[in-house]
Amino acid sequence: MDSNGQRTAYIFLDMQDASQIPAIAESWFLAFNASVEIHPVMIPDDLARAGGAIENAVKKYALPVGRVPTHASSGLAGFTH
């Protein structure tokens, strides 16, 4: 496979903790001078455990229906409360 003309590999890992990322990524950086992109994903059990944090974020950052951020393209920094 390739991505933007570069050889590409997609590797799926079941990590138990994010602290494992450096040990995995560094070996690719050092051995192959590779560019590494990491995209964490959640399985349903992870999502269930995150329910409280999601609820808190919704309460803190959700906008009423029809209201938009002051600077829609600027992300959370553009939100006003």
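Just a few scattered comments:
- Residue check for S19: under 16 Å from the mean Cα position of the chain (by Cα) and modelled with pLDDT of 90 or more: yes
- Pairs with Cβ under 7 Å, 6+ apart, first in segment 1-22 and under 13 Å from P40 (Cβ atoms) and without any contact (Cβ under 8 Å) to a residue 40 or more places away in the chain, second in a loop (DSSP other than H, G, I, E, B) and of a type in the set (V, I, T): I21/I38
- Residues that are surrounded by fewer than 10 Cβ atoms within 10 Å (Cβ to Cβ), modelled with pLDDT under 90, within 30 Å of A9 (Cα to Cα) and not hydrophobic (A, V, I, L, M, F, W, C), drawn from segment 40-81: P40
- Contacts under 9 angstrom Cβ, first residue in segment 53-81 being under 25 Å from M42 (Cα atoms), partner modelled with pLDDT under 75 and exposed (fewer than 10 other Cβ atoms within 10 Å of the Cβ), 6 or more apart: K60/H81; Y61/L76; Y61/H81
The values are calculated or read from the model by the stated rules, or taken from the named source; none is laboratory data. All of these numbers come straight from a predicted model, not from anything done at the bench. Counting neighbours? That spans all protein chains shown, and the Cβs are built from the backbone with ideal geometry, glycine included.
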